[in-house]
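Colleague: Would you mind keeping the following structure in view while I ask a few things?
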Amino acid sequence: MVTPSRTSVSTYTRTHTATHLADVILGSIADILGTLGIDPTRLFADWPTDQTAISNWIEEGSLKCVALECHRPNGTVNPVFEFPVSYTTTGLGNRRFTADRAARLKYLAKLQQVPRGTRYRLFCSFSGPHSDQAGWSPGTRASVAGMHLASLGTLAAAPHASAAMRYYR
């Protein structure tokens, strides 16, 4: 008889988890763009659409990874940042909403700016079927083969899911 109430609480928490992780991922992308010297105007203009899409995909459990590619004027793609999302079925993995902003900013301080005219692209990959979201369409990611991988570890955690950050250069 308490089961419907428990389901309601679980859904409510999962919604908050999705919103929290989407905000941390997009905030990290904004920090990265600023550090690299890439104009973030489009990111902020698209923020409501991107935040809704990423949050919805996390809530439904389909989002595998958000990727930020930096496309340089010479045609190379470097660096590439990935934000993999992992899920727990019970919501018991981390009962608090956390974000390690200090560790992220410490790591970002080591990044070098990219050449003027570098543009960025965002991609999402999925672990299975996912809902269509406004402002998002299929695309092809650049290869990271041969690039050096560095991992920052867990970027943010909450009940039901967490997000990490890794960096290819």
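None of the figures in this text is laboratory data; all of them are computed from the coordinates on show. No experiment lies behind these values; they were computed from the predicted model shown. Every residue, glycine as well, gets a Cβ built from its backbone with ideal geometry; the counts of neighbours run over all protein chains shown.
Colleague: At what distance in nm do the modelled label points of Ser137 and Leu149 sit from each other, each positioned 7 Å from its Cα along Cα→Cβ?
Modeller: Distance between the two pseudo-spin positions: 3.1 nm.
Colleague: Next up: Compute the length gained on full extension between Thr88 and Arg121: take 0.36 nm times their separation in residues and subtract their Cα-Cα distance, giving the result in nm to one decimal.
Modeller: 9.0 nm is the gain from fully extending Thr88 to Arg121.
Colleague: Per the Debye formula with a single identical scatterer at each Cα and no solvent contribution, what log10 I(q)/I(0) holds for the stretch 22-169 at q = 0.10, 0.16, 0.17, 0.21 Å⁻¹?
Modeller: Reported log10 I(q)/I(0), two decimals: -0.33, -0.88, -1.00, -1.51.
Colleague: Glu60 to Thr76: extension gain in nm, 0.36 nm per residue of separation minus the Cα-Cα distance?
Modeller: Residue separation times 0.36 nm, minus the Cα-Cα distance, leaves 2.4 nm.
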